[in-house]
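The values are calculated or read from the model by the stated rules, or taken from the named source; none is laboratory data. These numbers were taken from a predicted model, which means no experiment stands behind them. FYI the Cβ positions are ideal-geometry reconstructions off the backbone, even for glycines, and counts take in every protein chain you see. Just the protein is used for accessible areas: all its heavy atoms, side chains included, with ligands, DNA and RNA removed. Shrake-Rupley method; radii C 1.70, N 1.55, O 1.52, S 1.80 Å.
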Amino acid sequence: MGSNSLFRLSRLNPAFSLHPKPDSPLLPARTRIAIKPNRHQLITRVSHPDSIINNSPTTSSPLPSSSHPVLFTNWTPPRPLWRGLSALVLAGQVAHRVLTGRVHRRNTLQQLQRVGPGSTGVSLLTAAFVGMAFTIQFVREFTRLGLHHSVGGVLALALSRELSPVVTAVVAAGRVGSAFAAELGTMQVSEQTDTLRVLGTQPVDYLVTPRVLACIVALPVLTLLCFTVGLASSAFLADTIFGVSVNIILDSARRALRPWDVLSAMIKSQVFGAVISVVSCAWGVTTHGGAKGVGESTTSAVVISLVGIFIADFALSYMFFQGAGDSLKSAMG
């Protein structure tokens, strides 16, 4: 206990006087203190100088710790949650790069060739068989009801509004989205993305933005090609098997289609392309755990992309096509 603390203790009561006893030396560990109230002398031996704290005498028991546990110190968010947030952040970064013109043109052209011509064959083949399958169902029932003149209009509306954009997006998610997730995941676990940062290149500029732009640009073209091939295969099947002339199918489709039907299919394809590319790239750059993590990220990216496609399709269809329509009435002539 220092002299300042003893002086503060003596000031607690003015009637008491504090002075060391002259015949005993002052020791650092054991201090003899003489306190004289009015007429009696009381000698108190203080063995523990630290027993007086904050200018008031207390017991020698240690004070309880004042530290309190901080909330959420050991809590980590679920992996799907922070992956979803990373996808939103990645989409914002890509939009900022595109608006500011920070686009790697050579890499964008390479990815565009990969997404477009590389996916044309499987997309057209899928669209042809989907169109023929729907033709079998519609032509049988409509011919029985005597409505074979409206078959072409029904097929054209179904292909343009729903089947062509959704089928094209599903094929792209399985072929292109899985490749994006696997490539970026492998680069992430092998620390190639860190190497790009060391070299002064942002992975978002070099890897993510070209892939997103390629999907957004290529999918509307693929959708238009799939619609054409699907309608042509439907007309061929209706003519060869069910005896409905190709001219009847095409004329009914011409009367039923509106420019907005084709435009809405293009808008849907762009949205689907953005969903596929952003989800696949976000799942790829957040991969960890070696080869096993790459496989899990690829599978999860495809599944989440398909779910996002169907949700976006419902939302866009609800916004684009409200109220009663008269397209089939025009198709029936």
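Just one of the listed residues (122, 139) is in contact (Cβ under 8 Å) with a residue 40 or more places away in the chain, among the β-branched types (Val, Ile, Thr) and either crowded, with 19+ Cβ neighbours inside 10 Å or outside any helix (DSSP H, G or I) (or both), namely 139.
Against the conditions (1) at pLDDT below 90; (2) surrounded by 13 or more Cβ atoms within 10 Å (Cβ to Cβ); (3) under 26 Å from residue 156 (Cα atoms), residue 265 satisfies every one except (1). Screening the candidates 306, 257 for the property of being within 26 Å of residue 158 (Cβ to Cβ), hydrophobic (A, V, I, L, M, F, W, C) and either modelled with pLDDT of 90 or more or in contact with a strand residue (DSSP E or B) (Cβ under 8 Å, 6 or more places away or on another chain) (or both) yields one hit, 306.
Looking only at segment 93-103, how many residues end up being within 19 Å of residue 281 (Cα to Cα) and open to solvent by less than 70 Å² (accessible area, probe 1.4 Å)? Adding up the residues that qualify gives 6.
Quick check on this structure: which one of 231, 224 is in contact (Cβ under 8 Å) with a residue 40 or more places away in the chain, open to solvent by 70 Å² or more (accessible area, probe 1.4 Å) and either touching a Leu at 6+ places or on another chain (Cβ under 6 Å) or part of a helix (DSSP H, G or I) (or both)?
Just one listed residue meets the conditions, 224.
Scanning for something buried (at least 18 other Cβ atoms within 10 Å of the Cβ) and hydroxyl-bearing (Ser, Thr, Tyr), does segment 301-308 turn up at least one residue? Yes, because at least one residue in segment 301-308 is buried (at least 18 other Cβ atoms within 10 Å of the Cβ) and hydroxyl-bearing (Ser, Thr, Tyr).
Selection of first residues in segment 289-302 that are at negative phi and without any contact (Cβ under 8 Å) to a residue 12 or more places away in the chain and of second residues that are open to solvent by 40 Å² or more (accessible area, probe 1.4 Å) and not in a helix (DSSP H, G or I), restricted to Cβ pairs under 8 Å at least 6 apart or on distinct chains, gives the following pairs, ordered by first then second residue: 296/289.
List the helices (runs of 4 or more DSSP H) inside segment 148-220, counting only whole elements, that have at least 2 residues being crowded, with 20+ Cβ neighbours inside 10 Å. Result: 151-158, 164-172, 178-189.
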